[in-house]
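A short worksheet on the structure shown next.
Here, each number is a calculation from the coordinates, and none is a lab measurement. Just so it is clear, the model here is predicted, and its values are computed rather than measured. All Cβ positions, glycine included, derive from the backbone under ideal geometry; neighbour counts span all protein chains shown.
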Amino acid sequence: MMEKVPQKIKSMRRKIEKMEQEAHILIEKAETQEELNNVRVKYLGRNGLLAQLLKLVPQLALKYRPQAGRLANTLKRKLGEALRGKYDLLRKKKEENELRIDITMPGILKELGSIHPVSRTMEEISRIFMNLGFKAVEGPEIETDYYNFTALNIPEGHPSRETFHTFYLDNGRLLRSQTSPVQVRVMEKERPPLRIVAPGRVFRPDATDASHSFMFHQVEGLAVDKDITFADLKGTLSVFVREMFGQEIRMRFRPHFFPFTEPSAEIDISCIICGGSGCRVCSFKGWLEILGAGMVDPNVFGAVKYDPEVWQGFAFGMGVERIAMLKYGITDIRLFFENDVRFLRQF
Ligand SMILES: [Zn+2]
């Protein structure tokens, strides 16, 4: 009987040593906190291997029990320390990974946008006039019949209403067919002298083709002061066409009719492609029509209570797409509105 007791304590010591070796290997191998926790549960958990081992202690002779308990406690302490050490290591690694920035990694390319050619042209036109002392103002795209027609000397039944036909809304309002209503709105609020340009979107119920769109852009200009003459209009527009298209550009005025100006003219510039000798772009005429202008009709002044005996003014208006097409050699107006980036990327 006396021989068997040391055998039991010896076997327990061997079991503990083996358990310690295996546990250390598993702790070493654990790569995540979760794996490490599984090792802890396996050895130190409530039903873990160490707990099972401790259940065998009462089977030992009384005098060997303290020794067995010490061995088990030592193992518990050692494994606890090893687990904590490894846990800290894994946590540090995880934090480092989260913080690490690899400067050799290729970056995320941000697509660079550019200004739409219509916006760019509209800004360029406005800027030239602003440098001449004009102020840029905007007005509503939904207008009343009064501002779009009547106040501009186009009374109901006037044949010019046909030319400026537009979209009519159910509430009696309409989409403005020109930026000229802005002139009236400004003149109602401000006293002369004034110089304004009104860039913006306008609408006409035209069938869409290479040179027509139901929506396009205009820049409208107005100057009101004492002693303003047709020469001021001509001087202002000649500065504009040279700034816009080049110093060698020539300009000509053709008599025309607009209801809101008198006299009125259409203005051509010498062809920017052929210089006037004739080509396909200018239909072999040597000239390109670019804008309409004239002296403000006294009836328009009457509508805003300016005394036409005291104040004179000139007004002009141009289509932005038309200017952009000439300037950039674009042959189809629809390209502006199709949102094809292959087209837009060129600007
Ligand atoms: Zn030409």
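One quarter of the convex hull surface, Cα atoms only: what value does that give for region 64-103 in nm²? Present the calculation step by step, with values, prior to reporting the outcome.
Details: hull surface 10.2 nm².
That works out to 2.5 nm², a quarter of the Cα hull's surface.
Pairs from the table (LYS15/LYS63; LYS8/LYS86; LYS135/LYS234; LYS10/LYS92; LYS55/LYS92) lying more than 31 angstrom apart at Cα are LYS8/LYS86; LYS10/LYS92; LYS55/LYS92.
Comparing mean-square fluctuations of LEU288, LEU79, LEU175 from a GNM of the chain with C-alpha springs under 10 Å, the top value falls on LEU79.
By the rule of a C-alpha distance below 16 Å, with chain neighbours fewer than 8 residues away ignored, no lysines are paired with LYS327.
For region 195-219, the residues whose amide N sits under 18 Å from a probe point set 7 Å from the Cα of ASN339 along the beta carbon direction are 214-216.
For region 140-299, what is the charge dipole size about the Cα centre, in debye to the nearest 20, if Lys and Arg each add +1 at the Cβ and Asp and Glu each add -1 at the Cβ? Intermediate values should be presented prior to the final figure.
Details: 17 positive and 21 negative charges, 80 e Å.
I would put it at about 380 debye.
Translational diffusion coefficient, Stokes-Einstein: compute it for region 153-274 using the Kirkwood radius over C-alpha pairs as Rh, at 20 °C and 1.002 mPa s, and state it as an integer in µm² s⁻¹. Answer, rounded: 128 µm²/s. Computed from the alpha carbon positions, the gyration tensor of region 154-210 leads to an equivalent ellipsoid with semi-axes of 24, 15, 12 Å, biggest first. Does region 117-344 come out rounded, prolate or oblate by the C-alpha gyration tensor, with a ≥ b ≥ c the root eigenvalues, rounded set by a/c under 1.5 and, if not, prolate when a/b is larger than b/c and oblate if not? It comes out oblate by the Cα gyration axes. The relative contact order of region 117-344, computed from alpha carbon pairs under 8 Å that lie at least 6 residues apart in sequence, is 21 percent.
Projecting the Cα positions of PHE343, HIS212, GLY246 onto the charge dipole of the chain (unit charges on Cβ atoms of Lys, Arg, Asp and Glu, taken about the Cα centre) puts PHE343 furthest along the positive direction. In the elastic network of the chain, a GNM with C-alpha springs shorter than 10 Å, the most mobile of ARG191, ARG84, ARG252 is ARG84.
For the chain, with only Lys/Arg (+1) and Asp/Glu (-1) charged at the beta-carbon, what is the dipole magnitude about the Cα centre, in debye rounded to 20?
Working: 52 positive and 45 negative charges, 1011 e Å.
I would put it at about 4860 debye.
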